[in-house]
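The values are calculated or read from the model by the stated rules, or taken from the named source; none is laboratory data. The shown structure was predicted, so the numbers you read here are calculated from the model rather than taken from an experiment. When we count neighbours, we look across all protein chains shown, and the Cβ atoms used for this are built from the backbone with ideal geometry, even at glycine. SASA here: full protein model, heavy atoms, side chains in, ligands and nucleic acids out. Shrake-Rupley method; radii C 1.70, N 1.55, O 1.52, S 1.80 Å.
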Amino acid sequence: KKEILSSIFDVVDSFYLALSLVPREKKDNPFISGIYQIKARLDDFLKKNGLVQFGAEGEIFDPSLHEAIAVEKTTKKEQDGKIVKMAGYGFKLDDIVLRPAKVVIAQYQKGNNFNKSKEDHPNKS
(Lines give C-alpha, C1' and ligand atoms only; values in the text may rest on other atoms or scores of the structure.)
Protein backbone atom coordinates (compact mmCIF):
# COMPACT_ATOMS: atom_id res chain seq x y z
CA LYS A 1 0.00 0.00 0.00
CA LYS A 2 2.85 2.38 0.87
CA GLU A 3 4.55 1.79 -2.48
CA ILE A 4 1.39 2.36 -4.50
CA LEU A 5 0.46 5.52 -2.62
CA SER A 6 4.03 6.82 -2.76
CA SER A 7 4.08 6.44 -6.53
CA ILE A 8 1.20 8.95 -6.76
CA PHE A 9 3.09 11.79 -5.06
CA ASP A 10 4.50 13.13 -8.34
CA VAL A 11 0.98 13.29 -9.78
CA VAL A 12 -0.27 15.18 -6.71
CA ASP A 13 2.69 17.59 -6.95
CA SER A 14 1.95 18.19 -10.62
CA PHE A 15 -1.68 19.07 -9.83
CA TYR A 16 -0.63 21.54 -7.14
CA LEU A 17 1.93 23.16 -9.40
CA ALA A 18 -0.46 23.42 -12.33
CA LEU A 19 -3.29 24.82 -10.21
CA SER A 20 -0.99 27.30 -8.48
CA LEU A 21 -0.25 28.83 -11.88
CA VAL A 22 -3.90 29.44 -12.82
CA PRO A 23 -4.65 33.18 -12.80
CA ARG A 24 -7.44 34.17 -10.41
CA GLU A 25 -9.63 35.46 -13.25
CA LYS A 26 -9.46 32.06 -15.03
CA LYS A 27 -10.57 29.90 -12.05
CA ASP A 28 -14.22 29.98 -13.20
CA ASN A 29 -13.32 28.64 -16.64
CA PRO A 30 -15.15 25.28 -17.14
CA PHE A 31 -11.91 23.52 -18.15
CA ILE A 32 -10.09 24.77 -15.03
CA SER A 33 -13.09 23.84 -12.86
CA GLY A 34 -12.85 20.33 -14.28
CA ILE A 35 -9.18 20.12 -13.31
CA TYR A 36 -10.08 21.16 -9.75
CA GLN A 37 -12.74 18.42 -9.66
CA ILE A 38 -10.25 15.79 -10.81
CA LYS A 39 -7.81 16.92 -8.13
CA ALA A 40 -10.58 16.74 -5.51
CA ARG A 41 -11.27 13.14 -6.56
CA LEU A 42 -7.57 12.32 -6.23
CA ASP A 43 -7.51 13.91 -2.76
CA ASP A 44 -10.57 11.82 -1.76
CA PHE A 45 -8.87 8.65 -3.01
CA LEU A 46 -5.75 9.39 -0.96
CA LYS A 47 -7.78 10.22 2.16
CA LYS A 48 -9.87 7.02 1.83
CA ASN A 49 -6.63 5.05 1.74
CA GLY A 50 -5.34 6.63 4.96
CA LEU A 51 -2.92 9.10 3.43
CA VAL A 52 -2.71 12.43 5.24
CA GLN A 53 -1.15 15.47 3.59
CA PHE A 54 0.73 17.96 5.77
CA GLY A 55 2.83 21.10 5.64
CA ALA A 56 1.82 24.75 5.47
CA GLU A 57 3.34 28.19 5.38
CA GLY A 58 3.65 29.64 8.88
CA GLU A 59 4.30 26.31 10.61
CA ILE A 60 7.41 25.88 12.73
CA PHE A 61 10.07 23.83 10.95
CA ASP A 62 10.26 20.28 12.33
CA PRO A 63 13.08 18.14 10.85
CA SER A 64 11.08 14.97 11.56
CA LEU A 65 8.31 16.25 9.22
CA HIS A 66 9.97 18.77 6.93
CA GLU A 67 12.91 18.82 4.54
CA ALA A 68 14.42 22.30 4.21
CA ILE A 69 15.37 22.83 0.59
CA ALA A 70 16.34 26.49 1.08
CA VAL A 71 16.67 29.20 3.69
CA GLU A 72 15.52 32.79 3.27
CA LYS A 73 17.02 35.47 5.46
CA THR A 74 14.54 37.71 7.28
CA THR A 75 14.71 40.72 9.58
CA LYS A 76 11.43 39.67 11.22
CA LYS A 77 12.34 37.81 14.39
CA GLU A 78 8.86 36.22 14.66
CA GLN A 79 9.44 34.38 11.33
CA ASP A 80 12.68 32.71 12.46
CA GLY A 81 12.41 28.95 11.98
CA LYS A 82 9.03 29.12 10.28
CA ILE A 83 8.06 27.81 6.86
CA VAL A 84 7.78 30.69 4.39
CA LYS A 85 7.21 28.70 1.19
CA MET A 86 6.00 25.23 0.30
CA ALA A 87 7.81 23.34 -2.44
CA GLY A 88 6.00 20.04 -1.89
CA TYR A 89 3.55 18.72 0.66
CA GLY A 90 4.46 15.89 2.98
CA PHE A 91 2.47 12.69 3.33
CA LYS A 92 1.84 10.33 6.25
CA LEU A 93 0.26 6.90 6.31
CA ASP A 94 -0.86 5.72 9.74
CA ASP A 95 1.44 8.26 11.44
CA ILE A 96 4.41 7.08 9.37
CA VAL A 97 6.02 9.83 7.29
CA LEU A 98 6.21 8.53 3.74
CA ARG A 99 7.56 11.79 2.40
CA PRO A 100 8.59 14.89 4.34
CA ALA A 101 7.20 18.25 3.25
CA LYS A 102 9.71 20.16 1.14
CA VAL A 103 9.94 23.68 2.50
CA VAL A 104 11.77 26.99 2.52
CA ILE A 105 12.38 28.29 6.03
CA ALA A 106 13.09 31.75 7.36
CA GLN A 107 16.27 32.52 9.26
CA TYR A 108 16.35 35.67 11.36
CA GLN A 109 19.28 37.97 10.87
CA LYS A 110 19.38 41.26 12.74
CA GLY A 111 19.49 44.35 10.57
CA ASN A 112 19.31 44.57 6.82
CA ASN A 113 22.92 43.71 5.96
CA PHE A 114 22.40 40.09 4.89
CA ASN A 115 22.24 41.07 1.20
CA LYS A 116 25.66 42.73 1.25
CA SER A 117 28.63 40.89 -0.21
CA LYS A 118 31.93 40.37 1.61
CA GLU A 119 33.39 43.31 -0.30
CA ASP A 120 30.75 45.60 1.22
CA HIS A 121 31.28 44.34 4.76
CA PRO A 122 33.56 46.55 6.90
CA ASN A 123 35.29 43.51 8.46
CA LYS A 124 36.00 41.71 5.20
CA SER A 125 38.53 38.92 5.36
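Worth a mention:
- With the charge dipole of region 7-94 set up from +1 on Lys and Arg Cβ and -1 on Asp and Glu Cβ about the Cα centre, the Cα lying farthest toward the positive end among the listed residues L21, G50, V11 is that of L21.
- Helix 9-20 vs. the chain, principal-axis angle (Cα, 0 to 90°, nearest 10): 70
- Bridge orientation summary for the chain: considering DSSP beta bridges with both residues in this region, about 60 percent are antiparallel.
- The Cβ shell under 9 Å around V12 holds other residues with a net charge of -2, Lys and Arg each +1, Asp and Glu each -1.
- From largest to smallest, the equivalent ellipsoid semi-axes obtained for region 1-98 from the alpha-carbon gyration tensor read 26, 21, 10 Å.
- Packing around the peptides 59-71, 32-44, taken as the average count of other Cβ atoms within 10 Å per residue, puts them in this order, highest first: 59-71, 32-44.
- Accessible solvent surface per residue of the chain, calculated while the other protein chains remain in place, 1.4 angstrom probe, Å²: 72
- Look at the dipole of the chain built from charges on Cβ: of A40, A101, T75, the Cα furthest out on the positive end belongs to T75.
- Put L51, L21 in order of accessible area, highest first, and with a 1.4 Å probe you get L21, L51.
- Nonlocal amide H pairs with G88, under 5 Å, H built at 1.01 Å: K102
- Surface composition of the chain: carbon and sulfur make up 52 percent of the accessible area, probe 1.4 Å.
- Net charge, Y108 excluded, C-beta distance under 12 Å - Lys, Arg +1, Asp, Glu -1: +2
- Between the alpha-carbon centres of region 83-99 and region 41-62 there is a gap of 7 Å.
- Given +1 at the Cβ of Lys and Arg, -1 at the Cβ of Asp and Glu and no other charges, the dipole of the chain around its Cα centre is 200 debye to the nearest 20.
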